[in-house]
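First up is the structure itself, then whatever we jot down about it.
The values are calculated or read from the model by the stated rules, or taken from the named source; none is laboratory data. None of these values were measured; they are calculated from a predicted model. Methodologically, a virtual Cβ is constructed for each residue, glycine included, from the backbone with ideal geometry; neighbour enumeration extends over all protein chains shown.
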Ligand code: KG4
Ligand code: ZN
């Protein structure tokens, strides 16, 4: 099946063309970072407008790169939620309009389902597995039994990991989005005895809390009394990264031990993090579990990642009707069970 995938949930406008839920023929991603950077975060109204301007352009470019025409398309899948409602509506309305005009089925999907299954575009990972989904809005551990069968085992009680990275970057005066910048500076720096708290680490659950780490960084910077030097910023980044990576990996390891599942998929924008990847690889060897990451292009927001589940549901006749609407908030546990 030849599927067009669309993603507009936040600040990337993306269109992908994927064959049989496996082969990426095109995956065009345009970022709005330049528009939002000066505000230090995503401005929802600007995001919607930029999606409106860009959606037709990315679709045309994806079709061109894939060397197909709209008439070759057999289905459309799109992020239905969660995300910024105005931004989601651009992708959703486009998907519905194209499906209606072309007389083909469409399906609206959960954004994190896309992230979690992205790795399957690159390699086989057998079900069941554990997924650590870490992005700007999610920090969840899921048990994944198969496509459409997800159970939340743990989640952040406050900020998401990516959100904490972005907020810490902002308070250090670094550019937006901050995750990749902190990751780079952390690699250049040395925590040298600076230790930030690891919230919930020793509590016997699989939940996370990131706002405490962020506040600890804020308090530390305030106590310095003056703007931190470049060397000090690198040290803070290293210490913040150590704390974040430790809570993410220790909780995931606990999920491995509790469930007996020997496969872990790390997904979402934060899965790009070099410190996180390194630590996971070390722990996987030491504790004898498999760890899988999508390549960097498929970690961040992109449309092709949606086509794995999109193709699966469309194949089984699980298409949506035109009355289906976008959802700003949506739990993955309830997102797909009605289809499988
Ligand atoms: O999945 P994603 O592209 O969008 C959402 O669904 O939120 O994730 C974006 C998040 C941002 O918070 C960004 O700062 C973070 O992923 N991120 C990183 C890295 N690259 C992106 N965080 C830590 N280390 C990175 N290398
Ligand atoms: Zn995302």
Screening 175, 211, 244 for residues that are assigned by TED's automatic domain parsing to the domain that holds residue 273, closer than 30 Å to residue 113 by Cα and modelled with pLDDT under 95 leaves only 175
Among 318, 310, which is in contact (Cβ under 8 Å) with a residue 40 or more places away in the chain and in a helix (DSSP H, G or I)?
310
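Residues are listed down the side, and each one gets a yes or a no for (1) more than 18 Å from residue 163 (Cβ to Cβ); (2) within 22 Å of the chain's Cα centre (by Cα); (3) not assigned by TED's automatic domain parsing to the domain that holds residue 197:
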position	(1), (2), (3)
223	yes, no, no
230	yes, no, no
272	no, yes, no
275	no, yes, no
308	yes, yes, yes
311	yes, yes, yes
Consider the stretch 280-293. How many of its residues are within 19 Å of the chain's Cα centre (by Cα) and surrounded by fewer than 20 Cβ atoms within 10 Å (Cβ to Cβ)?
0
Answer from 64, 49, 80 - the residue that is assigned by TED's automatic domain parsing to the domain that holds residue 23 and either crowded, with 18+ Cβ neighbours inside 10 Å or in contact with a strand residue (DSSP E or B) (Cβ under 6 Å, 6 or more places away or on another chain) (or both):
80
What is the residue count in the stretch 179-207 for residues that are without any contact (Cβ under 8 Å) to a residue 12 or more places away in the chain and outside any loop (DSSP other than H, G, I, E, B)?
1
Restricting the stretch 321-336 to residues that are in contact with a helix residue (DSSP H, G or I) (Cβ under 7 Å, 6 or more places away or on another chain) and part of a helix (DSSP H, G or I), the one nearest to ligand 1 (Cβ to nearest atom) turns out to be 332
Exactly one of these conditions fails for residue 109: (1) crowded, with 23+ Cβ neighbours inside 10 Å; (2) within 16 Å of ligand 1 (Cβ to nearest atom); (3) more than 15 Å from residue 267 (Cβ to Cβ). Give me its number.
(3)
Failed criterion for residue 263 (all others in (1) touching a helix residue (DSSP H, G or I) at 6+ places or on another chain (Cβ under 6 Å); (2) within 14 Å of residue 289 (Cβ to Cβ) hold):
(1)
Within the stretch 118-177, which residues are away from ligand 2 (no atom under 16 Å from the Cβ), in contact with a helix residue (DSSP H, G or I) (Cβ under 8 Å, 6 or more places away or on another chain) and assigned to a helix (DSSP H, G or I)?
120, 167, 168, 169, 171
Restricting attention to the stretch 259-273, the residues that are surrounded by 24 or more Cβ atoms within 10 Å (Cβ to Cβ) and out of contact with any strand residue (DSSP E or B) (no Cβ under 7 Å at 6 or more places or on another chain) number exactly 2
Counted residues in the stretch 5-46 being surrounded by 15 or more Cβ atoms within 10 Å (Cβ to Cβ) and under 18 Å from residue 119 (Cα atoms) come to 16
Among the residues of the stretch 182-192, is any closer than 14 Å to residue 244 by Cβ, at pLDDT 95 or above and crowded, with 23+ Cβ neighbours inside 10 Å?
yes
